[in-house]
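The values are calculated or read from the model by the stated rules, or taken from the named source; none is laboratory data. Values in this document were obtained by computation on a predicted structure and should not be read as measured data. Glycine also receives a Cβ, built like all others from the backbone with ideal geometry; neighbour counts cover every protein chain displayed.
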Amino acid sequence: MGLIRIRDTSEVVTEITFRTMHKKTRPVLEPTLTAERLDGLGADPVMESAQATTTAPYEYSFRSGVAQDSNGNWMTVNSVGPVFTEYTDDDGNVQSVDAQTTAYRANVDATAAEGARSTRTTLLAESDWTQMADTALSTEKKAEWVTYRQALRDLPSASGWPHTHTMPTKPS
């Protein structure tokens, strides 16, 4: 089931927490809690609604509450994050929403770039053998590997770096 809303307090709890709260309830709670059984215990099931539409990689969907729909069913409410608010830090500096957003996006970009660079470095290391003087590759094949390795080195200046770049195709 997932989440349950307790009518008296408007508290939303997990099914496990609800069962713990009602462990002495008689008759014993059955393995599957029905809407009728929950109704008798003053609670309502909370249905999962669709995730909020986000713009990757900077946004994500998160559960921000519950609300009743037009049919009287309790549904999760999903919002787009991150959510920044203006505040004054310990040094008395005002931290604007724009400054926080810019810093957050720079951090997302740096993290993605670090991961992409790591993958690129691994691919370069795995193909080092192709550039050895004693390799059995033909001149044409060696040239293909040179082109591939250069494309790997050029990735940080490629369109979409570091989120939607296209990795070069490894020669066969």
Looking at (1) surrounded by 14 or more Cβ atoms within 10 Å (Cβ to Cβ); (2) out of contact with any His (no Cβ under 7 Å at 6 or more places or on another chain), find the lone condition where T164 falls short. (1)
Among the residues of region 32-45, is any hydroxyl-bearing (S, T, Y) and over 25 Å from A112 (Cα atoms)? yes
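Tell me the residue from E59, E30, E36, E15 that is without any contact (Cβ under 8 Å) to a residue 24 or more places away in the chain, of a type in the set (D, E) and in contact with a Lys or Arg (Cβ under 9 Å, 6 or more places away or on another chain), please.
Result of the check over E59, E30, E36, E15: E30.
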Confirm whether D90 is within 16 Å of S10 (Cα to Cα), free of Cβ contacts under 8 Å to residues at least 12 places away in the same chain and among the acidic types (D, E). no
Could you please find all residues in region 145-157 being surrounded by 15 or more Cβ atoms within 10 Å (Cβ to Cβ) and either touching a helix residue (DSSP H, G or I) at 6+ places or on another chain (Cβ under 6 Å) or not aromatic (F, W, Y) (or both)? W145, R149, A151, L152, L155
Within region 87-102, identify whether any single residue is assigned to a helix (DSSP H, G or I) and either touching a Leu at 6+ places or on another chain (Cβ under 9 Å) or hydroxyl-bearing (S, T, Y) (or both), and answer yes or no. yes
Kindly list the number of the only condition in (1) in contact with a helix residue (DSSP H, G or I) (Cβ under 8 Å, 6 or more places away or on another chain); (2) loosely packed, with under 12 Cβ neighbours inside 10 Å; (3) in contact (Cβ under 8 Å) with a residue 40 or more places away in the chain that fails for T169. (3)
Only one residue in V146, V77, V108, V83 is among the aliphatic types (A, V, I, L, M), modelled with pLDDT of 95 or more and not in a helix (DSSP H, G or I). Which one? V77
Which count do you get for residues in region 42-67 that are among the hydrophobic types (A, V, I, L, M, F, W, C) and modelled with pLDDT under 95? 1
So N71 ticks every box in (1) within 30 Å of D39 (Cα to Cα); (2) among the polar types (S, T, N, Q); (3) surrounded by 11 or more Cβ atoms within 10 Å (Cβ to Cβ) but one. Which box is left unticked? (3)
Looking at region 97-109 only, could you name the residues that are among the aliphatic types (A, V, I, L, M) and surrounded by fewer than 11 Cβ atoms within 10 Å (Cβ to Cβ)? A106
